[in-house]
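Undergrad: Take this structure first; my questions come after.
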Amino acid sequence: MKGLAGRRALVTGGSSGIGQAIAVRLGEEGVDVAINYVGRPEGALATKEAIENGVARCMEQLATTGTKAVLVAADVSDADQVRAMFGEVTERFGGIDILINNAGIQIVGDTDALDVADFDKVLAVNLRGSFLCAQQAIRGWLDADRPGSIVNVSSVHQVIPKPRFVGYSVSKGGMANLTRTLALEYAGRGIRVNGIGPGATVTPINRAWVDDPVKRAMVEAHIPMRRAGDASEMAAAAAFLCSDDAAYVTGQTLFVDGGLTLYPSFETSWSSE
Ligand code: NAP
């Protein structure tokens, strides 16, 4: 894709799923990639696994393309850690040209019984984290008088309500306005801000259904294209949006969802005949 080779990117949540696929795709396009992951102080097994299996695999693939890849640990919801992460990436790469706000979590539960802390946590990682990283990236671009591009990894749930995932739905709805507001605020200064809206994608966040054939068939039956998406399909859209092929595109969310946002229940007409 045009204009990607030689650029430098930071991908948050780059140790798994869609973030890993985006990091690898950008690496294939010749972009130097800083891969963010969150480290837990007590060295929890999940993080160890993410580092050993997720980030390490990602690093191996990037190494084969001749692209530079570095690891940067930070909890994106923590302003001090985000500031330190940008400092570290600037030291290693001299700056970035592309920010992929991908880190995300979801917590399920009936809203009436939901722990307030769980609501706050999802908002803090998905929305506040994206804001904090965007702020640091934009400051760097304005200080250096350089152009830049942000891709927010949102979700179909920025437009489709998701009952029992209220924090997630709200965070992704907020991400739509984060994308549009930043795009308008900085369009005149060479900074583009876009989003991708993945539909149901085969990644660890969906472990509740991806490995269960019955549940997976139920999920896929709701999708007009009758299949879940692959992380590499999300990565292709993200790479396009931060490339010069999308040089005149800003403030948009590109849904990559097999038709999920097309009101699938209207596939056969049930209201007018
Ligand atoms: P995933 O495989 O669970 O990956 C989530 C990533 O986020 C991991 O790399 C994780 O890092 C990172 N992360 C979590 N909390 C973090 C924090 N506080 N600070 C920094 N990184 C953190 O999920 P995924 O499916 O690839 O999801 C990636 C994004 O796509 C999310 O924003 C999600 O909402 C969005 N999305 C996914 C789907 C889908 O169907 N999969 C659909 C729509 C949108 P560690 O591994 O180090 O914990």
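The values are calculated or read from the model by the stated rules, or taken from the named source; none is laboratory data. Note that this is a predicted model, so its numbers are computed, not measured. Please note: Cβ atoms are built from the backbone with ideal geometry, for glycine as well, and neighbour counts cover all protein chains shown. Note: areas computed on protein heavy atoms with side chains; ligands, DNA, RNA excluded. Shrake-Rupley method; radii C 1.70, N 1.55, O 1.52, S 1.80 Å.
Undergrad: In whole percent, and with a 1.4 Å probe on the protein chains, what portion of the accessible area of the range 176-221 is carbon and sulfur?
TA: 58 percent
Undergrad: What distance in nm separates the simple spin-label points at D120 and D211, each placed 7 Å from Cα in the Cβ direction?
TA: Taking the two extended label points, one gets 3.3 nm.
Undergrad: What whole-number distance in Å separates the alpha-carbon centres of the range 174-207 and the range 98-164?
TA: One Cα centre to the other: 9 Å.
Undergrad: At 1.4 Å probe radius, can you tell me the per residue accessible area of the range 203-273 in Å²?
TA: Value for the range 203-273: 63 Å² per residue.
Undergrad: Whole number in Å², please: accessible area per residue of the range 103-201, 1.4 Å probe, ligands, DNA and RNA not counted.
TA: 45 Å²
Undergrad: Next up: Would you mind putting 232-241, 20-29, 138-147 in packing order, based on average other-beta-carbon counts within 10 Å, highest first?
TA: By packing density, highest mean first, the sequence is 20-29, 232-241, 138-147.
Undergrad: Further question: Can you list, largest first and rounded to whole Å, the semi-axes you get for the chain by taking the square root of 5 times each eigenvalue of its Cα gyration tensor?
TA: Its equivalent ellipsoid spans semi-axes of 29, 22, 19 Å.
Undergrad: Okay, next question. As an exercise, find the ratio Rg/Rh for the range 148-273 from alpha-carbon atoms, using the Kirkwood inverse-distance average for Rh.
TA: On the Cα set of the range 148-273, Rg over Rh gives 1.02.
Undergrad: Return the distance in nm (one decimal) between the two label points of a simple spin-label model at A113 and K162, each offset 7 Å from Cα along Cα→Cβ.
TA: 2.0 nm
Undergrad: A further question on this structure: Assuming 0.36 nm per residue, please report the length gained on full extension of the stretch R227 to K2 beyond their Cα-Cα distance.
TA: Taking 0.36 nm per residue and subtracting the Cα distance, the gain is 78.0 nm.
Undergrad: While we're looking at this one, here's another question. Once you place label points 7 Å from the Cα toward the Cβ at R146 and A247, how far apart are they in nm?
TA: Result: 1.8 nm between the two label points.
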